[in-house]
């Protein structure tokens, strides 16, 4: 949940993408939600959203939970 994040720089974006990559290698995922517009702009403009995965970023916590639970338990 990123609602309290007011700023992110390249180092922060790199940390998130590296974490997403390492989790993916171990069959886990990094999910982000509630990022402020300014933070999303930096993540998007830098190409980090592509590396983290568009499907792993949600506008709200409730949207994230609905989709993550559905994805994990869909037969």
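Throughout, read-outs are computed from the coordinates displayed, never taken from laboratory work. The model shown is predicted, which means the values in this text are computed figures rather than measured ones. No Cβ is skipped: glycine too gets one built from the backbone with ideal geometry, and neighbour counts run over all protein chains shown.
Can you put 67, 61 in order of Cβ neighbours within 10 angstrom, beginning with the fewest?
The order, fewest Cβ neighbours first, is 61, 67.
Please give the contour-minus-distance gain from residue 10 to residue 65: 0.36 nm per residue of separation, less the Cα-Cα distance, rounded to one decimal in nm.
Gain on extension, residue 10 to residue 65, equals 17.0 nm.
Based on other C-beta atoms within 10 Å, arrange 40, 1 from fewest to most.
In increasing order of surrounding Cβ atoms, one gets 1, 40.
For 34, 26, 62, what ranking results if the residue with the fewest other Cβ atoms within 10 Å of its Cβ goes first?
Listing 34, 26, 62 from fewest to most nearby Cβ atoms yields 26, 62, 34.
With a ≥ b ≥ c the root eigenvalues of the C-alpha gyration tensor of region 1-59, is it rounded (a/c under 1.5), prolate (a/b larger than b/c) or oblate?
Prolate shape, in that a/c is at least 1.5 and a/b is the bigger ratio.
Relative to the longest principal axis of the chain, what angle (0 to 90°, nearest 10) does the C-alpha long axis of helix 61-73 take?
Helix 61-73 sits at roughly 40 degrees to that axis.
For helix 10-25, report the angle its Cα long axis makes with the longest principal axis of the Cα atoms of the chain; keep it between 0 and 90° and round to the nearest 10°.
Around 20 degrees separate the two axes.
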